[in-house]
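Read through the structure below, which is laid out as structure tokens, and then see the notes.
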Amino acid sequence: MSAHADMNVDEALATARAKLLHDLHATLPTTPAQIDVLENVVAARRSWVEPWPAGAEFLTCLVAQDLQEELQESDGRWPLCRLDGSHQLHVEPDLGADPHWVCEDCEKVVAPVGRL
């Protein structure tokens with residue numbers, strides 16, 4: 001992999017991490033265990049993207065989905081809809097460069113990932 005591709009992957013991973021850390025802090029009393037989950041998700045996605053650097057543009061979307069799945073086991077549904085408070089948000093698109101949180105129950109886009 002070229003140095004330029006490494007930088008793009010590193011940059012994309014750092015951006016994804018920062019956006020999800022923001023959303024965690026905005027929606028939960030964040031614990032060290034949740035930060036560890038985020039770090040593990042980011043590390044796992046590094047091994048996914050290194051052989052395919054062009055996939056770096058999808059990292060925020062994928063890290064958000066992975067984090068949501070991992071937190072489900074320990075913290076329950078996350079994040080919850082700001083409009084309703086009880087509905088779980090989902091990332092759309094499933095694989096895209098500009099992911100956002102959507103409440104399927106309210107049928108509304110709530111916020112871009114990283115802006116909760």
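The values are calculated or read from the model by the stated rules, or taken from the named source; none is laboratory data. All values reported here derive from a predicted model rather than from experimental measurement. Cβ: placed from backbone, ideal geometry, glycine included. Neighbour counts: every protein chain shown. With ligands, DNA and RNA removed, areas are computed over all heavy atoms of the protein, side chains included. Shrake-Rupley method; radii C 1.70, N 1.55, O 1.52, S 1.80 Å.
Observations
- Accessible surface of the chain, 1.4 Å probe, proportion on carbon and sulfur as whole %: 50 percent
- Each residue of segment 102-116 is assigned a 3J(HN,Hα), and the resulting list reads 10, 9, 5, 5, 7, 6, 9, 7, 8, 5, x, 4, x, 10, 5 Hz, derived from the Karplus form 6.51 cos²θ - 1.76 cosθ + 1.60 (θ = phi - 60°), x at Gly and Pro.
- 3J(HN,Hα) couplings calculated from phi for segment 63-72 with the Karplus curve 6.51 cos²θ - 1.76 cosθ + 1.60 (θ = phi - 60°) are, in sequence order, 5, 4, 5, 5, 4, 4, 5, 5, 6, 4 Hz; Gly and Pro show x.
- Under 5 Å, built H, 5+ apart or other chain: amide partners of residue 114: 23
- Taken along the Cα-to-beta-carbon direction at a fixed 7 Å, the label points for residue 22 and residue 86 span 3.1 nm.
- Rounded FRET efficiency, nearest 0.05, which uses the C-beta distance separating residue 40 from residue 111 and R0 of 30 Å: 0.80
- Fully extended contour minus Cα-Cα distance, from residue 31 to residue 69, at 0.36 nm per residue: 12.0 nm
- Magnitude of the charge dipole, the chain, Cβ model with Lys/Arg +1 and Asp/Glu -1, debye to 20: 280 debye
- Overall form of segment 39-94 per C-alpha gyration tensor (a/c, 1.5; a/b vs b/c): oblate
- Net charge of neighbours whose Cβ lies under 15 Å from the Cβ of residue 104, counting Lys and Arg as +1 and Asp and Glu as -1: -2
- Ranked from largest to smallest solvent-accessible area, with a 1.4 Å probe on the protein heavy atoms, 83, 28, 116 come out as 83, 28, 116.
- Derived scalar couplings ³J(HN,Hα) [segment 17-33; Karplus, 6.51 cos²θ - 1.76 cosθ + 1.60; whole Hz; x for Gly, Pro]: 4, 4, 5, 6, 5, 4, 5, 4, 4, 6, 10, 9, x, 5, 10, x, 5
- Mean separation of Cα contacts under 8 Å (6+ apart) over length of segment 1-98, as relative contact order %: 31 percent
- Each of 68, 38, 114 was scored by the projection of its Cα onto the charge dipole of the chain, and the greatest displacement toward the positive side belongs to 114; charges sit on the C-beta of Lys, Arg, Asp and Glu.
- Neighbour count of at most 16 Cβ within 10 Å plus DSSP loop: longest GluC sites (Glu not before Pro)-free window in the chain: 1-103
- Applying a 4.7 Å cutoff between beta carbons, the unpaired cysteines of the chain are 61.
- In terms of its C-alpha gyration tensor, segment 15-116 comes out oblate, because a/c is 1.5 or above while a/b does not outweigh b/c.
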